[in-house]
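Have a look at the structure below before the remarks.
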Amino acid sequence: MTRAVVSLNSGSSSIKFALFRLDEAGTPIHAAGGKIEGIGTAPRIVARADDGSIAWEQQWPDTGMTHEALLHELFDWAVGHLGDNKVVAIGHRVVHGGMTFAKPVRIDDALMEALEALCPLAPLHQPHNLAAIRAIAKLAPHLPQVACFDTAFHHDMPIVAARMALPRAMAERGYRRYGFHGLSYEYIARHLRMVDPNLAKGRVITAHLGNGASMCAMHDCRSIDSTMGFTALDGLMMGTRTGSLDPGVVVHLVEQEGMTGPEIEKLLYRQSGLLGVSGISSDMRELHASDDPHAKEAIELFAWRAARHAAALMTGLRGLDGLVFTAGIGENDPIIRAMICERLEWTGITLDPEANARNAPVISTADSRITVRVIPTDEEQMIALHSIATLNLAQGVPA
Ligand code: ADP
């Protein structure tokens, strides 16, 4: 019997998952993966085996299917799909590790208590991450679970990048810039070390452009700054989130419009960004397909703001050697990449239009001063690798 690890990334309306078989050395081999979407409305799942074939597809008409019930179904399916491969660990993406957690940790009751206390810092993500851990603990109480933090990669970023210009005592209460998407950046850093070790040692900006979007400035594969800050709302314009916003707007909304906290939260997290500006969709593909001028304006604002943030990160890096695009938009959208790179041409970027059009691994010209790469991210693999390391599974030590 061989061993297997399951990675879970549980959000408010979706659960992403991946199954990995472990070879004898404890290296994770991807076996299947997919996503449950539409939780709370009409949940549906598509899971694909490693050859791309559909391994499980189902739709539940019942809006009463809770996260817990869906995780139960997923767990049963995963165990069945893995057959002789025994699940020995479940790794979770946990958005917030606060000031304490700089690396993944095996989950126990004390850890759960500490992570609960961080929920107010990530109210839209953390509770769902923790609910998934609890649901699995109920299903399989003896199965080791590992928390992998999105903030951990940024834990040691320089104090000047982490500090907010608020009264000093507030920093001790946790008011600092944390940075997110850390599992994605860690995967990119790891991949870059393998495919382009020289560039990996240099000054690189990685642009994670998905529904959530951020950038990370890396030097020698370490985070030295991030566009996301105290929450995952800061920085780039996103699918439905504002990104950086004059804080005076929030004061004005409270004082002049009488808006409540939950109303403002909804506005900033769910009704803004590409969706808010276009009035059409948060999905970049739909915006490209539309001939509405508001769609065009939303796309232009997205690219303009991304380029502006990249330029700001270059200051922290004191220059730039490489730019990496990743996540849904970053990996698949040559138009957005070209718009961002065009605005950054003055830095020494020369894009190769043909390579860009086919999402090639390197999309800059041979004589471009800055290397521009496209690297598909894989947060689930990073979670599996962390779970294996945290539980010493590679050494064959029983978990
Ligand atoms: P999440 O943050 O939910 O993981 P993804 O990384 O899947 O999001 O990114 C979703 C975004 O990627 C959407 O805006 C979607 O339109 C965009 N996207 C996915 N594929 C393409 C494509 N082929 N061309 C342009 N945009 C794409």
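The values are calculated or read from the model by the stated rules, or taken from the named source; none is laboratory data. Note that the structure is a prediction, hence the values are computed from the model and not measured. Note: ideal-geometry Cβ built from the backbone for every residue, glycine included; neighbour counts use all protein chains shown. Quick note on the areas: whole protein, heavy atoms, side chains included, nothing else; ligands and nucleic acids left out. Shrake-Rupley method; radii C 1.70, N 1.55, O 1.52, S 1.80 Å.
Over all Cα pairs of region 118-251, how is the pair count split among 5 Å bins, expressed in % and running from 0 up to the last occupied bin?
2, 9, 16, 19, 18, 15, 10, 7, 3, 0
Rounded to the nearest 5, what % of the DSSP beta bridges within region 3-149 are antiparallel ones? It would help to have the intermediate numbers written out before the result.
On the way: 28 of 39 bridges.
Restricted to region 3-149, the bridges split so that about 70 percent are antiparallel.
Just the accessible area for ILE280, please: 1.4 Å probe, Å², rounded to the nearest 10?
My reading of the accessible area for ILE280 is about 70 Å².
With a Cα-only, solvent-free Debye model of region 3-149, what are the log10 I(q)/I(0) values at q = 0.17, 0.18 Å⁻¹?
Those come out to -0.97, -1.08, one per q.
Compute the long axis of helix 126-139 from its Cα atoms, compare it with the longest principal axis of the Cα atoms of the chain, and write down the angle in degrees, 0 to 90, nearest 10.
10 degrees
Going 7 Å from the Cα of ILE264 along its beta-carbon direction, which residues of region 220-245 have the amide nitrogen within less than 18 Å of the resulting point?
229-235, 241-245
Express the C-alpha Rg of region 75-173 as a ratio against the empirical globular expectation 2.2 N^0.38 Å, rounded to two decimals. Can you show the working numbers first?
Working: Rg = 16.3 Å, N = 99, 2.2 N^0.38 = 12.6 Å.
Cα Rg divided by the expected 2.2 N^0.38 Å: 1.30.
Determine the per residue accessible area of region 197-374 with all protein chains present and a 1.4 angstrom probe, expressed in square angstrom.
Details: 8190 Å² over 178 residues.
Solvent-accessible surface per residue comes out at 46 Å².
Have a look at the DSSP beta bridges in region 197-374 and tell me what percent are antiparallel, nearest 5. Can you show the working numbers first?
On the way: 13 of 22 bridges.
Around 60 percent of the beta bridges assigned by DSSP in region 197-374 are antiparallel ones.
Under the Kirkwood approximation for Rh and a Cα-based Rg, what ratio Rg/Rh is obtained for region 44-102?
Details: Rg = 15.0 Å, Rh = 14.1 Å.
My calculation puts Rg/Rh at 1.07.
How long is the gain from ASP220 to ALA42 if the chain were fully straight, where each residue apart is worth 0.36 nm and the alpha carbon distance is subtracted? Mind dumping the intermediate values first?
Numbers: separation 178, 0.36 × 178 = 64.08 nm, distance 4.44 nm.
Taking 0.36 nm per residue and subtracting the Cα distance, the gain is 59.6 nm.
Helix 334-343: angle to the longest alpha-carbon principal axis of the chain, degrees 0 to 90, nearest 10?
40 degrees
Using a 1.4 Å probe on the protein heavy atoms, what percent of the accessible area of region 197-374 belongs to carbon and sulfur? Each step should come with its number before you reach the end.
Values: 4230 of 8190 Å².
Accessible surface attributable to carbon and sulfur in region 197-374 totals 52 percent.
HIS72 accessible area, nearest 10 Å², 1.4 Å probe?
In the full protein context, HIS72 sits at about 80 Å².
With all pairs of different alpha carbon atoms counted, what Kirkwood hydrodynamic radius in Å does region 295-354 show? Can you show the working numbers first?
On the way: mean 1/r = 0.0826 Å⁻¹.
Evaluated on region 295-354, it is 12.1 Å.
Can you give the angle from 0 to 90° between the axis of helix 293-317 and the longest principal axis of the chain, with both taken from C-alpha atoms, to the nearest 10?
90 degrees
Label THR347 and SER12 with points 7 Å out from Cα along Cα→Cβ: what is the distance between them in nm?
3.1 nm
How large, in percent, is the carbon and sulfur part of the accessible surface of region 3-149 at a probe radius of 1.4 Å?
Details: 3440 of 6450 Å².
So the carbon and sulfur contribution to the accessible surface is 53 percent.
How much of the DSSP bridge set in the chain is antiparallel, in percent, rounded to the nearest 5? It would help to have the intermediate numbers written out before the result.
Details: 41 of 61 bridges.
Roughly 65 percent of the DSSP beta bridges within the chain come out antiparallel.
Which three extents, in whole angstrom, do the alpha-carbon atoms of region 197-374 cover along their principal axes, largest first?
Principal-axis extents of region 197-374 (Cα, largest first): 55, 37, 23 Å.
Place the peptides 74-80, 355-361, 164-170 in order of packing, highest mean first, counting for every residue the other Cβ atoms within 10 Å and averaging per peptide. Walk me through the intermediate numbers first.
Details: 74-80: 17.3, 355-361: 14.4, 164-170: 8.9.
Peptide ranking by packing, descending: 74-80, 355-361, 164-170.
Normalised by the number of residues in the chain, what is the relative contact order in percent for Cα pairs under 8 Å and 6+ residues apart? Could the numbers behind the result be given before it?
Numbers: 824 pairs, mean separation 60.0, N = 399.
Once normalised by length, the contact order is 15 percent.
Counting pairwise Cα distances across the chain, what percent come out greater than 28 angstrom?
Values: 38519 of 79401 pairs.
Summing the P(r) tail past 28 Å for the chain gives 49 percent.
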